[in-house]
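Visitor: Let me begin by handing over the structure; questions about it come next.
The values are calculated or read from the model by the stated rules, or taken from the named source; none is laboratory data. Values in this document were obtained by computation on a predicted structure and should not be read as measured data. Cβ: placed from backbone, ideal geometry, glycine included. Neighbour counts: every protein chain shown. Only protein heavy atoms, including side chains, enter the accessible area calculation; ligands, DNA and RNA are left aside. Shrake-Rupley method; radii C 1.70, N 1.55, O 1.52, S 1.80 Å.
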Number of protein chains: 2
Amino acid sequence: MSMINVNDQTVILEHGSGGKLYHQLIEQVFMPAFGNRYLDGTQDAAVCEGDGGPLALTTDSFVVQPRFFCGGDIGRLAVCGTVNDIVTSGAEPKYLTLGMILEHGLPLAQLRRICESIATAATEAGVYIVSGDTKVVEAGACDGIFINTAGCGLFGGRRPLAGKVQAGDSIICTGSLGDHGLALLAAREELGFDPPLTSDVAPLNGLIRRLEPLYDAIHALRDPTRGGAAATLNEWAEAAQLAICLDESSIPVRPQTGAAAQLLGMDLLYAANEGKMLIALAPEAAEQALELLHGHPLGRMAALIGTVSEQPRGRVWAENAYGGQRIIDPPAGLQLPRIC
Amino acid sequence: MSMINVNDQTVILEHGSGGKLYHQLIEQVFMPAFGNRYLDGTQDAAVCEGDGGPLALTTDSFVVQPRFFCGGDIGRLAVCGTVNDIVTSGAEPKYLTLGMILEHGLPLAQLRRICESIATAATEAGVYIVSGDTKVVEAGACDGIFINTAGCGLFGGRRPLAGKVQAGDSIICTGSLGDHGLALLAAREELGFDPPLTSDVAPLNGLIRRLEPLYDAIHALRDPTRGGAAATLNEWAEAAQLAICLDESSIPVRPQTGAAAQLLGMDLLYAANEGKMLIALAPEAAEQALELLHGHPLGRMAALIGTVSEQPRGRVWAENAYGGQRIIDPPAGLQLPRIC
């Protein structure tokens with residue numbers, strides 16, 4: 001675990017990890033400077049007042065390396081990541097803006113391919129790219145292409161989600177964990193898995209829209225990206241001062257991803273996802289939610305993976321099939337940089 | 001003039017210039033991929049349907065070099081640039097998102113200073129930073145700090161501006177031209193002007209709000225950033241297939257900036273501005289508009305600088321005090337990279 005903190009002199013890679021140092025940066029630098037009634041360092045999308053009801057707004061920058069990987073590329077990631085962040089607020093994603101920073105010398109064929117990928121993902125999600133901006137910097141001043149997407153979602157009369165788990169809640173995961181993180185690692189290190197590990201990057205608004213009849217029972221919704229499920233669940237437990245207990249054997253894992261994780265000594269609870277949601281909801285709604293999710297191609301492997309209880313406050317732990325327990329700490333330092 | 005075009009193999013600096021190659025990239029790569037009813041390659045902000053009326057959305061990335069300069073820094077620029085883009089649609093800017101890409105090794109003191117600058121500019125403009133994202137990349141993978149701000153504006157029942165000039169319109173400039181471009185050049189080349197050239201970077205929503213009684217007379221509004229006034233006026237002339245004639249002697253110029261431009265052989269019509277608006281409006285409203293603008297600290301030097309006529313279609317030209325004429329072509333290649 002890294003002991004470097006924001007009292008030191010420079011920004012370091014660990015500040016971008018989604019872990020403890022990232023939260024320190026938010027709490028010690030960003031919130032003191034920007035704090036206002038809309039900005040909530042713990043949510044993926046802001047709920048703001050529009051002219052005729054609430055709006056959801058969010059932003060995400062993408063610096064993924066490599067920019068093309070099995071199952072997607074930086075363009076698909078930039079659409080899906082922001083669409084999914086909007087979904088976590090309970091809003092329907094409608095509009096994306098697209099800011100690109102390009103390096104002098106980037107092959108135009110790559111730019112075209114990335115733009116096609118953005119367009120395809122936007123069509124898949126049913127969102128419009130409404131505004132764009134492009135900057136070009138000298139060779140060496142950025143790594144090929146960086147993309148920012150900001151998103152705007154509408155609620156159409158629905159109530160925004162509160163985003164806080166409650167004691168007794170069931171925790172559902174909409175599918176297998178860790179696929180994006182492992183696929184990126186495999187692509188980056190050129191580990192020749194056969195068949196290759198595939199990222200799960202996908203827009204989840206269609207899947208989550210199926211849960212509309214159960215919206216009142218959903219207390220929190222989050223896509224576990226950087227820092228994986230461990231980061232999201234710990235943030236939930238910490239914010240609500242409640243405990244989350246996972247049933248390790250019920251966590252969905254693709255066999256291929258599971259085998260690779262074992263080989264590489266990676267814990268899939270800490271690996272990034274780009275096409276999964278964690279859902280905390282009233283236990284009486286869990287069965288119907290699973291049924292609805294199973295009826296969608298992106299929710300076939302959805303499973304009940306845990307429950308929320310009172311004690312030990314603020315902690316997450318997992319029980320295996322033999323009754324063994326382990327604490328799932330928040331991700332500390334750097335898992336894998338430039339995962340998204 | 002550069003003859004390189006997007007049929008060549010790679011992205012080049014000129015693609016980010018705001019000039020011809022930039023427009024080629026938009027027309028040949030982005031519009032074919034993303035084209036939809038909201039995306040308009042000729043406007044700075046998109047007008048979209050919200051739950052209870054229109055919304056304005058925009059995005060801008062900032063890669064300015066150097067990141068601190070006389071009159072501002074990358075943080076102030078990131079707020080003002082996006083606020084001003086929203087203003088061009090006729091909306092009131094309300095919310096900004098903030099995406100930062102940081103280089104491992106960036107001094108934390110610089111990050112704090114930039115965040116304070118963002119906060120100050122946001123307060124000045126009366127907008128909220130509602131959502132943020134931070135990525136950190138390896139040393140050498142970006143140049144210190146890149147910032148994206150996306151903005152959301154509301155119309156509060158007002159009609160969005162059409163954004164198209166009409167024959168007979170008066171052209172007003174809200175103040176002196178070229179100050180940002182010259183200040184950046186001076187800072188970058190360490191030209192020791194005394195007193196130093198100061199950027200005009202400022203949020204213009206307060207100034208433009210003064211024109212509210214005249215909104216129906218305003219046909220187009222634009223902040224002439226990359227490519228300067230020459231770029232904006234040529235886009236207007238081209239889109240409306242009308243002619244714009246400037247009275248060169250009435251164009252407001254700070255004496256200091258004018259002297260520097262003469263010394264350096266720069267044409268201020270092509271230099272970037274970050275705190276000025278060009279306004280095309282019905283001629284009978286021009287006098288009252290100037291009065292209203294002069295009453296605001298950012299509009300003291302506002303002046304009527306030109307008129308729109310039928311011929312020659314799509315062209316911009318300038319007449320000097322002695323009756324001499326010159327064509328103001330669209331900026332062709334690169335004026336100065338990384339100006340914002």
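Visitor: Give the nm distances, rounded to one decimal, from A:Arg159 to the matching residue in every other copy, measuring between label points 7 Å along Cα toward the beta carbon; shortest first.
Guide: When each copy's label point is compared with this one, the spacings are 3.9 nm.
Visitor: Continuing with the same structure: Roughly how far apart, in whole Å, are the Cα centres of the range B:245-267 and the range B:213-231?
Guide: Taking the Cα centre of each part, the range B:245-267 and the range B:213-231 sit 19 Å apart.
Visitor: Follow-up. Can you list, shortest first in nanometers, how far A:Arg37 lies from the same residue in the other copies, with each label 7 Å from Cα toward Cβ?
Guide: 3.4
Visitor: Please compute how much accessible surface disappears when A pairs with B, both sides summed, using a 1.4 Å probe, and round it to the nearest 100 Å².
Guide: 6700
Visitor: Name the residues of the range B:86-111, by number, that are at least 40 Å² less accessible with every protein chain in place than in the isolated chain; the surface is that of heavy atoms, probe 1.4 Å, without ligands or nucleic acids.
Guide: Relative to the lone chain, where solvent access is computed with a 1.4 Å probe, the range B:86-111 loses at least 40 Å² at B:Tyr95, B:Thr97, B:Ile101, B:His104, B:Leu108.
Visitor: Is the range B:1-155 rounded, prolate or oblate when judged by the Cα gyration tensor, a ≥ b ≥ c being the square roots of its eigenvalues, rounded requiring a/c under 1.5 and prolate requiring a/b larger than b/c?
Guide: Numbers: a/c = 1.94, a/b = 1.06, b/c = 1.83.
It comes out oblate by the Cα gyration axes.
Visitor: Multiplying the sequence separation of B:Thr42 and B:Leu263 by 0.36 nm and subtracting their Cα-Cα distance, what value in nm do you get?
Guide: Residue separation times 0.36 nm, minus the Cα-Cα distance, leaves 76.2 nm.
Visitor: How much of the accessible area of the range B:115-242, in percent, comes from carbon and sulfur atoms when a 1.4 Å probe is used?
Guide: Of the solvent-accessible surface of the range B:115-242, carbon and sulfur hold 47 percent.
Visitor: If you don't mind, there's one more thing I want to ask. I want to check a number: in the protein assembly as shown, how many lysine pairs have alpha carbons closer than 23 Å, given a sequence separation of 8 or more or different chains?
Guide: Qualifying lysine pairs in the protein assembly as shown: 14.
Visitor: While we're on this one: Report the label-to-label distance for B:Gln311 and B:His294 in nanometres (one decimal), using points 7 Å from each Cα along the Cα→Cβ vector.
Guide: That separation, rounded to one decimal, is 3.6 nm.
Visitor: Considering only chain A, what is the antiparallel percent among its DSSP beta bridges, to the nearest 5?
Guide: Taking every DSSP beta bridge with both residues in chain A, the antiparallel ones total about 75 percent.
Visitor: Report, for A:Ser250, each distance to the same residue's label point in the other copies, shortest first and in nm; define the point 7 Å along Cα→Cβ.
Guide: Label-point separations across copies, in nm and ascending: 7.6.
Visitor: Still on this structure, I have one more. Of B:Phe68, B:Ile86, B:Gly99, which is farthest towards the positive pole of the range B:51-103's charge dipole, taken about the Cα centre with +1 and -1 on the beta-carbons of Lys, Arg and Asp, Glu respectively?
Guide: Of the options given, the answer is B:Phe68.
Visitor: Measuring with a 1.4 Å probe in the full set of protein chains, what accessible area per residue, in whole Å², belongs to the range A:252-292?
Guide: Counting only protein heavy atoms, the per-residue value for the range A:252-292 is 42 Å².
Visitor: Starting from the Cα of A:Asp216, step 7 Å along the direction of its Cβ; do the same at B:Asp8; then give the gap between the two resulting points in nm.
Guide: It is 6.3 nm.
Visitor: Could you work out how far the C-alpha centroid of the range B:75-133 sits from that of the range A:64-101, in angstrom?
Guide: If we compute the Cα centre of each part, the gap is 21 Å.
Visitor: With +1 assigned to the C-beta of every Lys and Arg and -1 to the C-beta of every Asp and Glu, and no other charges, what is the dipole magnitude of the range B:93-228 about the Cα centre in debye, to the nearest 20?
Guide: 620
Visitor: When ligands, DNA and RNA are left out and all protein chains stay put, how many square angstrom of accessible area per residue does the range A:109-248 have with a 1.4 Å probe?
Guide: Counting only protein heavy atoms, the per-residue value for the range A:109-248 is 31 Å².
Visitor: Same structure, new question: Taking every DSSP beta bridge with both residues inside the protein assembly as shown, roughly what % is antiparallel (nearest 5)? Don't jump to the answer; show the numbers that get you there.
Guide: Numbers: 91 of 117 bridges.
The antiparallel proportion sits near 80 percent.
Visitor: Also, I was wondering about something else. Under a point spin-label approximation (7 Å from Cα along Cα-to-Cβ), what is the B:Gln28-A:Ala332 distance to one decimal in nm?
Guide: So the label points at B:Gln28 and A:Ala332 sit 5.3 nm apart.
Visitor: What length, rounded to one decimal in nm, is gained on full extension from A:Glu284 through to A:Met301, with 0.36 nm per residue of separation minus their alpha-carbon distance?
Guide: Value of the extension gain: 4.1 nm.
Visitor: With respect to the axis carrying B onto A, what is the closest chain B residue by Cβ position, and how many angstrom separate it from the axis?
Guide: For chain B, the closest residue to the axis carrying it onto A is B:Gly52, 0.
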